[in-house]
Amino acid sequence: MANKEKGEKSFKALGKDWVLVYTTNSLCEMEDKSGKGAPELFNDGKITSMRYLLWGALVERHEDITLRECGNIIDELGMEGLGKIVGSVFELAFPDDVEPDGDADVGKIKAKA
């Protein structure tokens with residue numbers, strides 16, 4: 001079960017319950033694995049980046065998650081559904097980095113200078 005106070009969000013896909021959370025470790029692992037910084041991944045709009053963003057949010061609570069499995073989750077949720085889920089967990093982790101209109105959709109995340 002997700003704990004919102006800890007920045008977690010839950011959802012169902014592929015017949016499973018999933019918990020997303022961005023932690024320092026998961027963000028570092030995501031950046032190391034992708035070769036890109038988090039702001040670049042959040043804003044470039046590439047499907048590959050979306051898959052890394054999902055992986056980075058899942059790996060803390062689901063250590064064995066693969067990028068391929070993340071792709072299957074994306075296929076089930078669709079890009080719009082995924083963007084809202086990933087954006088909302090990012091907003092829980094980093095509320096000061098979300099656009100002032102409160103829309104936490106991926107692609108609207110401010111990159112820090």
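The values are calculated or read from the model by the stated rules, or taken from the named source; none is laboratory data. The structure presented is a predicted model; accordingly, all values stated were derived computationally and were not measured. Don't worry about glycine lacking a Cβ; one is built from the backbone with ideal geometry, like all the others, and counts go over all protein chains shown. Just so you know, the surface numbers come from the protein's heavy atoms only, side chains and all, with ligands and any DNA or RNA stripped out. Shrake-Rupley method; radii C 1.70, N 1.55, O 1.52, S 1.80 Å.
How do the pairs read when you match residues in region 12-26 that are over 14 Å from ASP64 (Cα atoms) and touching a residue at least 24 places away in the same chain (Cβ under 8 Å) with residues anywhere that are in a loop (DSSP other than H, G, I, E, B) and of a type outside the set (A, V, I, L, M, F, W, C), using Cβ under 6 Å and keeping only pairs 6 or more apart or on different chains?
Taking only residues 6 or more apart or on different chains, the pairs are VAL21/GLY7; VAL21/GLU8; VAL21/GLU60; THR23/GLU60.
Suppose we keep only residues that are open to solvent by less than 60 Å² (accessible area, probe 1.4 Å) and hydroxyl-bearing (Ser, Thr, Tyr) within region 38-68. Which one would you say is nearest to the chain's Cα centre (by Cα)?
The extreme case among them is TYR52.
Output the residue which, of all residues in region 91-104 that are touching a strand residue (DSSP E or B) at 6+ places or on another chain (Cβ under 9 Å) and either modelled with pLDDT under 55 or part of a loop (DSSP other than H, G, I, E, B) (or both), is farthest from SER26 (Cα to Cα).
Checked region 91-104; the qualifying residue farthest from SER26 (Cα to Cα) is GLU99.
Starting from region 42-64, take each residue that is closer than 24 Å to LYS6 by Cα and list its partners that are open to solvent by less than 50 Å² (accessible area, probe 1.4 Å) and among the small types (Gly, Ala, Ser), counting only C-beta distances under 6 angstrom and pairs at least six apart or across chains.
ARG51/GLY71; TYR52/SER34; GLY56/SER26; VAL59/SER26; GLU60/SER26
Would you say SER88 is in a helix (DSSP H, G or I), modelled with pLDDT of 95 or more, polar (S, T, N, Q) and surrounded by 14 or more Cβ atoms within 10 Å (Cβ to Cβ)?
On the way: in a helix (DSSP H, G or I): yes; modelled with pLDDT of 95 or more: no; polar (S, T, N, Q): yes; surrounded by 14 or more Cβ atoms within 10 Å (Cβ to Cβ): yes.
No, not satisfied.
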